[in-house]
Structures are given as structure tokens and as C-alpha cells.
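Encoded as C-alpha cells, the structure appears first; notes follow it.
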Amino acid sequence: MSSAPPAAGTASPPGRSRRRGTAVPSGVLGFLGIVGFLLLWELVVRAGIVEPEYLPAASTVLSELASIATTAAFWEAVGWTLRTWAVGLAVSGVAAIALGLVIGGSRFLRKATHTTIEFLRPIPSVALIPLAVLLYGTSMQSTLLLVVYAAFWQVLIQVLYGVGDVDPVADDTARSYGLGWIARVRYLVWPSALPYVMTGVRLGAAVALILTITGELVIGGGGVGTQIALAQSGGAVPELYALVVTTGLIGVGINLLVRAIEKRTLHWHVSVRREAVA
């Protein structure tokens, strides 16, 4: 027995439920969440649950962060990390988009490369650290190798999904009108794949930052990760946690930047327009 559809007068308008869930701006909720986390951190240490020798109180770490933020070495390390992240993400993004459009546009190439992609994609980038050190020593190129490898798959998979999501009727129509590969990519494939591309870039940006910090921490060569390793070896526990907090702040900044670029690029897409209305 099929259930009757809800009467028009009793169903809640879709927009009303969305507005009810956004009574408090998300930015305020995010700020309150951070404040709550810092208060919990402070209480755990002050209550003696964790020894301050191993985990200083949040107030101590934030005070240390404010102190080291006045030094040039701190900002040089932040700049080095951001430069490594940006170069790695740019290289991986361009390579993944180009290969994704080529592979995704050919049924033969999709089948021929599927097993290879599924074999290489799960290999963790940290497993490539010995190879990176052998090739490039402790220079930035070693960390870049890890970043490019990890971020590349995030973008490539999304591009392949995006190319595969092209309307087959529209694709057949374009082919029947004699549009070449470049014209089909420009007018048909790219607009359909762009939301997937932006999702891949957003995922790749987060992964690239993680591997940037990991590479700097394990391999060295400069950046915030290297400063964390130096603070650990020197027993500077408050500075160590201050630098860890710095990596979190960098991550928040990168996420906000990528989200802003995504909204601007996809201002015409239904998901962004729905989010703006909500």
C-alpha cells in the first residue's frame, strides 16, 4: 500500500527548515567551539588530569605563541611552509586536471589506467620519504614530492568523476555537430566537471598541508614542521605546542581561502546558490 503524499497545507516549506537551522551564524558557532575547546584544555591541565610538563595549559601555550609571533624566525618558517604548500598544490592540481580530462574523455584510457590508479592511490606518501631523501636530500624538493603525490590523487579522482558525469545526450549531440575534443572540453566537459574539480582542490589543499608539515617534521629543511622538531629536541614544550597551534591556524586560513575561491568560482552552481539562500 503506497503512502499518500503530504498535503500541501501541512508540509513545511523547504526554505523554512534551512533558516531555522541557521539562526546563529556559522562563524559565531565556530568561534564558540574554539573557545569551548580552549576552556576544556585549560581545565584538564589545571585539574591535574595531565601533567603541565607534558601538556601546558592553553593560556601558557597561547602566551608562548604571542611571544614567538613577534620574531622574524617564526614568520620565515610560516612563509616557508605556505610556499611549499602552494607550490605542491599547484603542481599536483595542474597535473591532475590535465590527466583527468585526457583519461576521463577516453573509455579505453579509463579502463587501461583504472587498476594502476587503484594500485598507486592507496600508497601513503610517508612511505616515499626514504626515496625522497635519496633523490633530493633534506631540501624543499623532498617535501614537495610527498605533497604532490598525496594531493594529486585527491584532485585526479574528482576530475574523473566530473568528466564521467557529463550528460551523454549532450556529449552525443556535441559529437554529431562535429565539435572537436578541445571544444567539447571547453563548452561541455569543463562546466560539468568544475564542481568536482573544486571539491578535489579543497580536499587536496588539506592533504597538501598535512604532508607539508609531515615532510618538514621528518625530513627537515625548514618550515613550521622543522621548528616543531627543533622545539621537541630542545625540550621547549610550550613552544612546541604553540607551533602545533600555528599549524591549526594555517589550516583554518587555508580552508577559508579555498572555500571563498570555490564560492566565487561556482557562484552559478545550485549548491552555492542554495547555501547563499540558507
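The values are calculated or read from the model by the stated rules, or taken from the named source; none is laboratory data. The structure presented is a predicted model; accordingly, all values stated were derived computationally and were not measured. No Cβ is skipped: glycine too gets one built from the backbone with ideal geometry, and neighbour counts run over all protein chains shown.
Counting only helices (runs of 4 or more DSSP H) that sit completely within region 175-267, those holding 3 or more residues that are farther than 15 Å from residue 74 by Cβ and in contact with a helix residue (DSSP H, G or I) (Cβ under 6 Å, 6 or more places away or on another chain) correspond to 190-218, 237-265.
Within region 64-112, being of a type in the set (S, T, N, Q) and surrounded by fewer than 17 Cβ atoms within 10 Å (Cβ to Cβ) holds for 67, 70, 71, 106. Can you tell me which residue is nearest to residue 258 (Cα to Cα) among those in region 181-191 that are in contact (Cβ under 8 Å) with a residue 24 or more places away in the chain and of a type in the set (Val, Ile, Thr)? Only one residue fits best here, namely 189. Number of residues in region 34-55 that are part of a loop (DSSP other than H, G, I, E, B) and surrounded by 11 or more Cβ atoms within 10 Å (Cβ to Cβ) equals 3.
Results for (1) in contact with a Leu (Cβ under 9 Å, 6 or more places away or on another chain); (2) of a type in the set (Lys, Arg); (3) closer than 30 Å to residue 191 by Cβ, shown as yes or no for each residue.
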| site | (1), (2), (3) |
| --- | --- |
| 43 | no, no, no |
| 49 | yes, no, no |
| 54 | no, no, no |
| 63 | no, no, no |
| 88 | yes, no, yes |
| 97 | yes, no, yes |
| 106 | no, no, yes |
| 114 | no, no, yes |
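Taking each residue of region 192-212 that is under 16 Å from residue 87 (Cβ atoms) and looking for partners that are among the aromatic types (Phe, Trp, Tyr) and surrounded by 24 or more Cβ atoms within 10 Å (Cβ to Cβ) with beta-carbon atoms closer than 7 Å, six or more apart or interchain, yields 208/85; 209/85; 212/85.
Does region 100-116 contain at least one residue that is assigned to a loop (DSSP other than H, G, I, E, B), within 16 Å of residue 204 (Cα to Cα) and at pLDDT below 95? Within region 100-116, none of the residues are assigned to a loop (DSSP other than H, G, I, E, B), within 16 Å of residue 204 (Cα to Cα) and at pLDDT below 95.
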